[in-house]
């Protein structure tokens, strides 16, 4: 039986769409491969020349003398990221629970719009506000010059809140209503149901939100450059100035050459591997527990 003209046109259209999508996916994979090859080809020679232990753990960064140790920047990135996560993650999860389970519908939608607006603000604006508001506040009330780990943690925490809130809220909303209904039918209160049923059921999605927020924080550059002081030394307190790995690349790539430039590419290579590892953790968590702890 012959197909009609309409069916033939639909078949050709579907075939065209499939080929276009396949081409787009292949192009995306190729771009990622080219970026990976480029970073490793530029950074691996210096990385191997210095030695991975000395390069990552040595805190002495003096590129003009051929000394390349990014340990201080690694510690700086960890200090700023962990400090931001300490306050932003609990606040983000609490906000997501409020929006999904407690707030009336119109308030939840309004908060969702505000969170999306927060996500759309450029990072340089966050850095500018941090430089004019957060840094002077720290200088006047806590001491130091204000450019510090704490300033970076406050600015970064605000920046990662949309990621933590949105993904956590989606994970909570994806929990089947039967879970909550069954808990309430057994005599549990609404708050007990949230704490003991809904949040545990959404745990893999919440963990994903936390890990992606961490990836956003450790990869941020412009806002961090503006508020942390950019001193290439290991921080000894939360009020000490610090330089992160991303800041180090941005600040020195413009004039670097030779091994110095290669060392900056090596820094980018370390960041790249770390971000890939975080994404692998996310995928493993999602596959192990499903989006809401269901297999």
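Which FRET efficiency value, to the nearest 0.05, do you get for residue 116 and residue 48 by plugging their Cβ-Cβ distance into 1/(1 + (r/R0)^6) with R0 = 41 Å?
Details: r = 44 Å, r/R0 = 1.09.
With a Förster radius of 41 Å, E is 0.40.
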If you fit an axis through the alpha-carbon atoms of helix 105-120 and take the longest principal axis of the Cα set of the chain, what angle between them do you get, 0 to 90°, nearest 10? 30
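Which of 87, 52, 61 comes first, and how do the rest follow, when ranked by fewest Cβ neighbours within 10 Å? Write out the running numbers ahead of the final one.
Numbers: 87 14, 52 11, 61 19.
By the 10 Å Cβ count, ascending: 52, 87, 61.
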For percent of Cα pairs over 32 Å apart, several values are listed as [x] 43; [y] 30; [z] 38; flag the one computed from this structure. [x]
Which angle between 0 and 90 degrees, to the nearest 10, do you get for helix 149-173 versus the longest principal axis of the chain when only C-alpha atoms count? 20
How high is the relative contact order of the chain, in percent, counting Cα pairs under 8 Å that sit 6 or more residues apart? 26
Can you compute the modelled spin-label distance between residue 191 and residue 237, with each label point 7 Å from Cα toward Cβ, in nm? 3.8
Theoretical FRET efficiency, 1/(1+(r/R0)^6), r = Cβ-Cβ of residue 174 and residue 13, R0 45 Å, to 0.05: 0.85
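Going by C-beta contacts inside 10 Å, put 244, 59, 163 in order with the fewest on the left. Each step should come with its number before you reach the end.
On the way: 244 31, 59 14, 163 23.
Ordered by Cβ neighbours within 10 Å, fewest first: 59, 163, 244.
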The alpha-carbon center of segment 151-171 and that of segment 228-270 are separated, in whole Å, by 24
Relative contact order computed over segment 159-228 (Cα-Cα under 8 Å; 6+ residues apart), in percent: 49
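Using the beta-carbon distance between residue 58 and residue 137 and R0 = 41 Å, what value does 1/(1 + (r/R0)^6) give for FRET efficiency, to the nearest 0.05?
Numbers: r = 35 Å, r/R0 = 0.84.
So the FRET efficiency works out to roughly 0.75.
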Could you list 106, 260 so that the one with the fewest beta carbons within 10 Å of its beta carbon is first and the one with the most is last? 106, 260
Using helices alone, what [θ] at 222 nm do you get for the chain, with -39,500 (n - 2.57) per DSSP H run of 4 or more residues, divided over all residues and rounded to the nearest 500? -23500 deg cm²/dmol
Tell me the angle of helix 203-219 to the major Cα principal axis of the chain, expressed in degrees between 0 and 90 and rounded to the nearest ten. 30
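A short reminder: the numbers here are calculations on the coordinates, not readings from a lab. Only a predicted model underlies this, so the values are computations on that prediction, with no experimental measurement involved. Cβ coordinates were reconstructed from backbone atoms using ideal geometry, including for glycine residues, and neighbour counts include every protein chain displayed.
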